[in-house]
Amino acid sequence: MELANRDARTPSVSRLPLDAPLREEILAAHDVALANDADGYDDPATGLFVFTATYLGTRDCCDLGCRHCPYCN
């Protein structure tokens with residue numbers, strides 16, 4: 001599957017709506033993980049581990065709707 005044409009910081013609004021609670025904190029946690037070359041981060045909203053777009057880009061898309069999936073729009 002081909003990578004979608006969008007930057008790695010911005011998840012699809014279908015996976016993280018613009019009005020999502022803690023959206024800015026979630027994006028900040030993603031940015032920190034990207035800056036540290038980490039595979040993911042603990043989601044501030046749920047406490048669950050979320051993979052970064054960079055990590056997901058090294059794998060095939062699983063079609064599970066990952067928040068930062070670089071393959072899905």
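Could I have the simple spin-label model distance between residue 58 and residue 28, label points 7 Å from Cα toward Cβ, reported in nm to one decimal?
About 2.7 nm, to one decimal.
Mind pulling the angle between the C-alpha long axis of helix 23-35 and the longest principal axis of the chain? Nearest 10 degrees, somewhere in 0 to 90.
Rounded to the nearest ten degrees, it is 60.
A short reminder: the numbers here are calculations on the coordinates, not readings from a lab. Note that the structure is a prediction, hence the values are computed from the model and not measured. No Cβ is skipped: glycine too gets one built from the backbone with ideal geometry, and neighbour counts run over all protein chains shown.
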